[in-house]
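As structure tokens, the structure follows; a few thoughts come after it.
The values are calculated or read from the model by the stated rules, or taken from the named source; none is laboratory data. Since we're looking at a predicted model, the values are computed, not measured. FYI the Cβ positions are ideal-geometry reconstructions off the backbone, even for glycines, and counts take in every protein chain you see.
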Amino acid sequence: MTDETTIPLNTLSRLFHVAVFEHDDTRITQQTLEMSAEYLRMFIREAVLRANETRISRAQGGEDSAVTEQPVSDVLDTRDLDDIAGMMVLDF
């Protein structure tokens, strides 16, 4: 692992048990949790990078506040993430 923030394994385990597993007695190994956490970390990092590229290209493409009624800022918003969501799912 790197110095980047990681997803706590307890949180990930709870997420699997609440949202994925159909049976309460389903178990998951520590190694699987660690690999899943790394996969999600990479997915989130890539999503942020792609959304930022989209935001920058939108700003450089001449889209201004008169068209969007919002000033171009240095902050990612849901629109930036929406723009890349489909390709992220296909790529991962």
In the stretch 1-16, residues that are more than 18 Å from Met42 (Cα to Cα) and at pLDDT below 90 total 0
Please work out which one of (1) modelled with pLDDT of 85 or more; (2) within 28 Å of Asn10 (Cβ to Cβ) is the condition Phe92 fails and give its number. (1)
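Which members of the stretch 16-47 meet the condition of being among the aliphatic types (A, V, I, L, M), part of a helix (DSSP H, G or I) and surrounded by 14 or more Cβ atoms within 10 Å (Cβ to Cβ)?
Narrowing the stretch 16-47 to residues among the aliphatic types (A, V, I, L, M): 18-20, 28, 33, 35, 37, 40, 42, 44, 47.
So of that shortlist, the ones also part of a helix (DSSP H, G or I) come out as 18-20, 33, 35, 37, 40, 42, 44, 47.
Within the stretch 16-47, Leu33, Ala37, Leu40, Ile44, Ala47 qualify.
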Pick from the stretch 29-49 the residues that are in contact with a Leu (Cβ under 9 Å, 6 or more places away or on another chain) and not acidic (Asp, Glu): which of them is farthest from Asp74 (Cα to Cα)? Gln30
Given the conditions (1) at pLDDT 90 or above; (2) of a type in the set (A, V, I, L, M); (3) assigned to a helix (DSSP H, G or I); (4) surrounded by 12 or more Cβ atoms within 10 Å (Cβ to Cβ), report the number of the one that Ile56 does not fulfil. (1)
